[in-house]
Amino acid sequence: MALDGLRNKPTGGRYADVVESIGNTPLVELQRLSPKPSVRIWAKLESRNPTGSVKDRVARALIEDAEEKGAIGEGQTILEPTSGNTGISLAMICARKGYPLKVVMPENVTPERTRLLEMFGAQIVYSEGSKGSNGAVELALQMSAGPDGSSYYMPYQYGNEANPNAHYNGTALEILEELDEVSAFVAGLGTGGTLMGNGRRLKETFGDGVKIVAAEPMQGEPVQGLRSLDDGFIPPIIDLSLLDRKIFVTNRDAILWTRKLLHEEGIFAGVSSGAIARVAVRIASELDEGNVVFVVADDGWKYLSSGIYTRPLEEIEDLDATVWW
Ligand SMILES: Cc1ncc(COP(=O)(O)O)c(C=O)c1O
């Protein structure tokens, strides 16, 4: 029976299992935060993936790439450094496919991340909190070079082309299916996979008509999931020449804009999405017309215990900017 007003796309498809259902995320317009009607801002809601982040795409690509290359077989232990989301995605996928998983993660991430990893059966190795995600990378590389190294397969999202390819062959194609024109694409810079994969595909399609813009945290003001290139580690998958601009965002602005997404648009997102939205709105205000697409990398559930959604704004103003949310 046809229902009036119901578009023929709302079910999201049919899949053999939850891993296959990754991707196909909605593109949602920000009508209230947009500075002018002639420029439309679109949020690609990667928070709508099975474990709530963009990293489901990447984790699937990393594991399936290793399977296709014959690099992993039944029961192979997977080892990966992550600030949280990739670990959670790998934990779900490895549990589903039967691979034991060890995740190296900074000790000061929110407790929700630890609970989620434990829930999916991953083993956690903590790295020094003050070193952020670089400390996790360092420790995982040491472990893979150590005496037990040969028992691990490390997908290493920072240096594995399967990471940007998940976007080149997934996220970007979904955006192109919906929009005939994109003036700017804005994303956070963590491993660089989102920016590289989408950037490459969108440049191939629109040439210099599309600007690829990175939201970067200020040095010394960590935003969970993002990195400052000035901290000294440039992931091998990053080709800086693909980026048209890098715009810095303070920790405080990231939180303020996470709240704006929630209160003005009803989008419950993680803190990096606040930073990215802030940059998307700034880029939109500089354009006369066109579409600006930005990536909501994850949802807000994992950050609830930090109080960022509910604490009075005056307290947010006084936040210790070096706290790693
Ligand atoms: C919350 C969050 N935002 C943004 C990013 C950045 O994505 P990418 O690694 O593709 O640069 C990440 C990556 O870890 C993340 O966890």
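The values are calculated or read from the model by the stated rules, or taken from the named source; none is laboratory data. These figures come from a predicted structure and were not determined experimentally. For neighbour counting, all protein chains shown are included, and Cβ atoms are generated from backbone atoms with ideal geometry for every residue, glycine included.
Observations on the model:
- Of everything listed in (1) at pLDDT 95 or above; (2) over 16 Å from the mean Cα position of the chain (by Cα), the single unmet condition for A166 is (2).
- Note on the stretch 38-108: enclosed strands (runs of 3 or more DSSP E) holding 3 or more residues that are under 27 Å from A284 (Cβ atoms) are 39-45.
- Which listed residue, of R40, R48, is within 22 Å of W257 (Cα to Cα), basic (K, R), more than 16 Å from the ligand (Cβ to nearest atom) and modelled with pLDDT of 95 or more: R40
- Taking the criterion of being touching a residue at least 60 places away in the same chain (Cβ under 8 Å), over 19 Å from the mean Cα position of the chain (by Cα) and over 18 Å from F185 (Cα atoms), the residues of the stretch 261-303 that qualify are E264, E265.
- Residue selection: I175 satisfies the criterion of being within 16 Å of the ligand (Cβ to nearest atom), in the same structural domain as E286 (by TED's automatic domain parsing) and either over 25 Å from E289 (Cα atoms) or assigned to a helix (DSSP H, G or I) (or both).
- Within the stretch 178-211, the set of residues being within 12 Å of the ligand (Cβ to nearest atom) and either of a type in the set (D, E, K, R) or outside any helix (DSSP H, G or I) (or both) comprises V186, A187, G188, L189, G190, T191, G192.
- Sole residue being crowded, with 19+ Cβ neighbours inside 10 Å, under 29 Å from T51 (Cα atoms), away from the ligand (no atom under 12 Å from the Cβ) and among the charged types (D, E, K, R), chosen from R278, R311, R227: R278
- K131 falls short of the stated requirement of being in a strand (DSSP E or B), touching a residue at least 12 places away in the same chain (Cβ under 8 Å) and in contact with a strand residue (DSSP E or B) (Cβ under 9 Å, 6 or more places away or on another chain).
Yes/no matrix, rows are residues, columns are (1) under 21 Å from the mean Cα position of the chain (by Cα); (2) under 21 Å from A297 (Cα atoms); (3) among the β-branched types (V, I, T); (4) in the same structural domain as P217 (by TED's automatic domain parsing):
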residue	(1), (2), (3), (4)
R96	no, no, no, no
L101	yes, no, no, no
E107	yes, no, no, no
T110	yes, yes, yes, no
T114	yes, yes, yes, no
I124	yes, no, yes, no
A136	yes, yes, no, no
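- Positions within the stretch 134-153 being within 16 Å of the ligand (Cβ to nearest atom) and in contact with a strand residue (DSSP E or B) (Cβ under 6 Å, 6 or more places away or on another chain), in sequence order: G135, A136, V137, A140
- Being over 22 Å from A145 (Cα atoms), assigned by TED's automatic domain parsing to the domain that holds V223 and surrounded by 24 or more Cβ atoms within 10 Å (Cβ to Cβ) is true of A43.
- Enumerated helices (runs of 4 or more DSSP H) restricted to the stretch 217-325, each holding at least 2 residues that are in contact with a helix residue (DSSP H, G or I) (Cβ under 6 Å, 6 or more places away or on another chain): 251-265, 271-286
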